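To keep things clear, I will list the structure first and then write my remarks on it.
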């Protein structure tokens with residue numbers, strides 16, 4: 001599955017390089033129209049992730065737009081996760097709050113199980129092969145492989161973001177992903193610099209989803225070609241041209 005990313009900061013859709021440098025800013029209505037034929041969208045509130053405010057009204061608008069959406073960014077409590085699901089999201093992405101004092105917060109993860117494992121995506125963000133939290137600003141002495149092994153019982157899907165290549169449109173190290181794929185039988189979604197159809201096809205061959213940001217916003221990857229790839233992978237008729 002190919003999943004476009006909608007990231008929010010300071011009241012707008014943005015794309016950031018390495019999670020910090022603003023590369024572009026867009027209107028949400030335009031983006032929802034452009035992505036209307038994609039079956040799944042990923043919504044991240046970057047301000048909430050960094051604990052620098054929130055964009056909840058925009059997140060809720062995405063949840064009501066008719067797509068299947070997965071929502072992350074600043075989900076630190078059961079109450080907030082439940083609120084997001086009740087607003088229309090199918091899944092919530094748990095990330096920084098998974099970790100406490102350089103180890104998984106198992107008590108918190110147990111608490112989140114009341115929502116149902118099928119609604120929980122476990123975010124594994126890594127920089128320099130270490131887990132990165134709080135907007136990727138703090139590194140923990142935990143590798144992605146160690147995190148996956150510890151977190152397997154607490155969700156049905158992992159979202160791995162390769163921060164080192166995120167936003168650069170220079171590709172993602174596929175061998176690294178193959179190693180992670182071997183660590184889990186759970187669904188695995190990959191983000192962070194994916195910029196070619198070859199990479200998307202390689203990830204699909206590993207049974208991995210692809211999250212696209214900068215490459216789709218800049219037009220490096222054509223939306224119609226991506227939709228055709230989705231329909232090809234789902235064995236559905238060709239998507240209409242617009």
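Taken together, the values in this text are just the output of simple stated rules run on the coordinates, not laboratory data. In this text the structure is predicted, and so the values were computed from the model without any measurement. Here Cβ is always computed from backbone atoms with ideal geometry, including for glycine, and neighbour counts include all displayed protein chains.
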Separation between Cα centres of segment 35-90 and segment 145-222, rounded to whole Å: 20
List 183, 62, 208 from most exposed to least, where exposure is judged by having the fewest other Cβ atoms within 10 Å. 183, 208, 62
Please report 92, 59 as a ranked list, fewest other C-beta atoms within 10 angstrom at the top and most at the bottom. 92, 59
Considering the convex hull of the alpha carbon atoms of segment 78-185, report its projected area averaged over all viewing directions, in nm², one decimal. 7.2
Rounded, prolate or oblate: pick one for segment 59-109, where a ≥ b ≥ c are the square roots of the eigenvalues of its C-alpha gyration tensor, a/c under 1.5 means rounded, and failing that, prolate if a/b is larger than b/c, else oblate. prolate
CD proxy at 222 nm, helix term only [per DSSP H run n ≥ 4: -39500 (n - 2.57); per residue of the chain; nearest 500]: -8000 deg cm²/dmol
By count of other Cβ within 10 Å, fewest leading, how are 221, 24 ordered? 24, 221
So what is log10(I(q)/I(0)) for segment 147-242 at q = 0.10, 0.22, 0.25 1/Å, when the Debye sum runs over its Cα atoms only? -0.29, -1.14, -1.31
Please report the antiparallel percentage of DSSP beta bridges with both residues in the chain, rounded to the nearest 5. 30
With a/c under 1.5 counting as rounded, go ahead and sort the chain into rounded, prolate or oblate using the C-alpha gyration tensor (a ≥ b ≥ c being the square roots of the eigenvalues; past the cut-off, prolate if a/b is larger than b/c, else oblate). rounded
